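Novice: Sharing a structure here in structure tokens format.
The values are calculated or read from the model by the stated rules, or taken from the named source; none is laboratory data. The structure displayed is predicted, hence computed values, not measured ones. Note: ideal-geometry Cβ built from the backbone for every residue, glycine included; neighbour counts use all protein chains shown. Only protein heavy atoms, including side chains, enter the accessible area calculation; ligands, DNA and RNA are left aside. Shrake-Rupley method; radii C 1.70, N 1.55, O 1.52, S 1.80 Å.
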Amino acid sequence: MTVAPQRLRWIDPFTVTGRHVSLVPLEFEHEQGLVEAVQDGRVWDTWFAAVPSPDRMREEIERRLELAAAGTMVPFTVLDAQGRIAGMTSYMNVDAPNRRLEIGYTWYRASVQRTGLNTEAKLLLLGHAFEQADCIAVGFRTAFFNAPSRRAIERLGARFEGIRRNHLILADGTVRDTCYYSIIDSEWPAVRRHLTWLLDRS
């Protein structure tokens with residue numbers, strides 16, 4: 001029996017641009033811009049969200065690029081409409097055999113939050129996942145106590161699947177419960193229309 005060779009990488013790094021946002025492959029050269037972005041509103045200063053502090057930014061870039069080399073993550077630097085670095089996001093927990101992945105490890109500078117940037121970033125990432133990579137499901141996860149993140153995920157049209165209790169032990173020893181959401185391929189056309197509608201109204 002002949003076994004077909006497996007692809008080493010399911011989704012190659014890519015660049016995509018919309019009206020409000022551009023997503024470019026993460027590079028070490030982005031470090032200073034990311035440090036400046038995370039200082040806008042001190043967005044790392046929460047106990048429940050995994051946002052890198054300025055002094056841990058290079059370590060976080062290294063971590064994401066190592067996962068990218070292993071084929072389990074596709075990390076991006078997020079740029080706003082003016083080309084300024086606004087934050088980070090990624091495809092994570094990439095599961096090529098089952099054509100599933102998650103969108104996460106996302107954070108933005110405070111000054112672009114609650115704008116069209118996040119909506120369009122998710123639209124672009126979901127579009128590539130379902131239309132180019134032929135995903136059957138895209139997941140999202142966030143901390144139980146991260147109410148703004150939960151609202152943002154629900155606003156996208158993702159369905160709540162449940163809470164993974166005692167899911168993660170954080171750096172300070174606190175145990176985190178994680179809320180899990182997903183969008184499946186049959187739901188994508190309606191979600192795409194919804195996100196486009198939200199962008200048209202923004």
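Novice: As an exercise: evaluate K122 against (1) crowded, with 20+ Cβ neighbours inside 10 Å; (2) under 10 Å from the mean Cα position of the chain (by Cα); (3) in a strand (DSSP E or B) and give the number of the one condition it does not meet.
Specialist: Only one criterion in (1) crowded, with 20+ Cβ neighbours inside 10 Å; (2) under 10 Å from the mean Cα position of the chain (by Cα); (3) in a strand (DSSP E or B) is unmet by K122, namely (3).
Conditions (1) among the hydroxyl-bearing types (S, T, Y); (2) open to solvent by 50 Å² or more (accessible area, probe 1.4 Å); (3) in contact (Cβ under 8 Å) with a residue 60 or more places away in the chain; (4) touching a Gly at 6+ places or on another chain (Cβ under 6 Å), marked per residue:
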| site | (1), (2), (3), (4) |
| --- | --- |
| I153 | no, no, no, no |
| R165 | no, yes, no, no |
| V175 | no, yes, no, no |
| D185 | no, yes, no, no |
| W188 | no, no, yes, no |
| V191 | no, no, yes, yes |
| R201 | no, yes, no, no |
